[in-house]
Amino acid sequence: GQQVMQIPQYQHVQEGEDFTTYCNSSTTLSNIQWYKQRPGGHPVFLIQLVKSGEVKKQKRLTFQFGEAKKNSSLHITATQTTDVGTYFCGWGGGSNYKLTFGKGTLLTVNP
Amino acid sequence: DAGVIQSPRHEVTEMGQEVTLRCKPISGHNSLFWYRQTMMRGLELLIYFNNNVPIDDSGMPEDRFSAKMPNASFSTLKIQPSEPRDSAVYFCASSSVAGGLENEQFFGPGTRLTVL
């Protein structure tokens with residue numbers, strides 16, 4: 001069956017340092033979405049990647065989808081305390097519109 | 001737009017009691033999802049509906065869990081009888097499905113359930 005791992009599970013950084021979380025799949029993904037959940041909050045959609053090799057940017061956030069569509073990453077440049085939270089990747093099952101989520105990466109930022 | 005609405009926000013109950021969680025999706029969305037989140041298991045999909053019809057309930061833990069969507073603007077998740085291991089945050093999410101591709105899901109604020 002499909003195996004998708006999200007790493008790392010936790011990441012603690014000093015404010016201003018960069019941060020990256022990865023989702024790696026054993027099979028090709030049709031698409032991938034990224035969500036952010038603040039402590040005590042609910043997941044909020046960040047981006048969807050569909051095309052092989054796709055790269056999208058949102059201010060300090062850069063999202064990539066691998067050429068083989070088996071891996072994806074979320075990179076934050078110069079983290080700020082407002083970046084604190086858990087970042088989830090979610091991958092689709094094709095026509096059934098169902099997302100499966102990774103375990104998430106909890107990011108903490110030391111001011 | 002009010003977003004996805006869930007009630008109650010917090011529920012504390014005793015083992016064996018029936019619990020009903022409620023969700024109002026965003027108007028116009030045709031897919032609704034129920035998730036459970038715990039530290040140990042992360043964010044798990046329990047069931048989802050498309051156009052009010054249950055499509056996949058393979059994530060429902062056992063027969064104690066049931067979900068309904070009687071119309072496009074309302075869904076319930078019921079646990080009967082509840083057990084302490086059901087303690088978790090339950091999220092409802094909705095999306096507008098089109099074009100054969102998953103679209104972003106909008107999550108509600110969640111219901112924090114504690115079963116004593």
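Below, the figures for the structure above:
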quantity: Whole-number D in µm² s⁻¹ for chain A, Kirkwood Cα-pair radius fed into Stokes-Einstein, 20 °C, 1.002 mPa s; calculated: 153 µm²/s
quantity: Geometric extent, Cα atoms of region B:53-116 - Rg, Dmax (angstrom); calculated: 13.6, 45
quantity: Under Karplus coefficients 6.51, -1.76 and 1.60, residue-wise ³J(HN,Hα) of region A:102-111 in Hz, glycine/proline x; calculated: x, 6, x, 10, 8, 9, 10, 10, 8, x
quantity: Members of A:69/B:68; A:36/A:57; A:51/B:24; A:70/B:78 lying beyond 26 Å, as alpha-carbon distances in this model show; calculated: A:69/B:68; A:51/B:24; A:70/B:78
quantity: Equivalent-ellipsoid semi-axes of region A:62-111, from the Cα gyration tensor, Å, largest first; calculated: 26, 14, 7
quantity: Computed over chain A: relative contact order in percent, which uses C-alpha pairs under 8 Å that are six or more apart; calculated: 35 percent
quantity: Pairs of Cα atoms farther than 15 Å apart, region A:40-88, %; calculated: 50 percent
quantity: Long-range HN-HN contacts of residue B:83 with modeled amide H, under 5 Å; calculated: B:16
quantity: Globularity index of the protein assembly as shown, i.e. its alpha-carbon radius of gyration over 2.2 N^0.38 Å; calculated: 1.02
quantity: Relative contact order of chain B, defined on C-alpha pairs under 8 angstrom at six or more residues apart (%); calculated: 37 percent
quantity: Mean shadow area of chain B over all directions, Cα convex hull, nm²; calculated: 6.9 nm²
quantity: Of B:37, B:12, B:65, farthest towards positive along the dipole that unit charges on Lys, Arg, Asp, Glu beta carbons give chain B; calculated: B:12
quantity: Full-stretch length increase - residue B:85, residue B:15 - with 0.36 nm per residue and alpha-carbon distance subtracted; calculated: 24.2 nm
quantity: Trypsin sites (Lys or Arg not before Pro) lying in DSSP loop within region B:1-49, provided at most 15 other Cβ fall within 10 Å; calculated: B:9, B:41
quantity: Per-residue ³J(HN,Hα) for region B:108-115, Karplus 6.51 cos²θ - 1.76 cosθ + 1.60, θ = phi - 60°, Hz, x for Gly and Pro; calculated: x, x, x, 10, 8, 9, 10, 10
quantity: Under the Karplus curve 6.51 cos²θ - 1.76 cosθ + 1.60, θ = phi - 60°, whole-Hz ³J(HN,Hα) for region A:64-80, x wherever Gly or Pro sits; calculated: 10, 10, x, 4, 8, 6, 10, 8, 8, 9, 10, 10, 10, 8, 6, 4, 10
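Any read-out appearing in this document is the output of simple, stated calculations on the displayed coordinates, not a laboratory observation. Keep in mind that this is a model prediction, so the values were computed, not measured. Cβ atoms come from the backbone with ideal geometry, glycine included; neighbour counts cover every protein chain shown.
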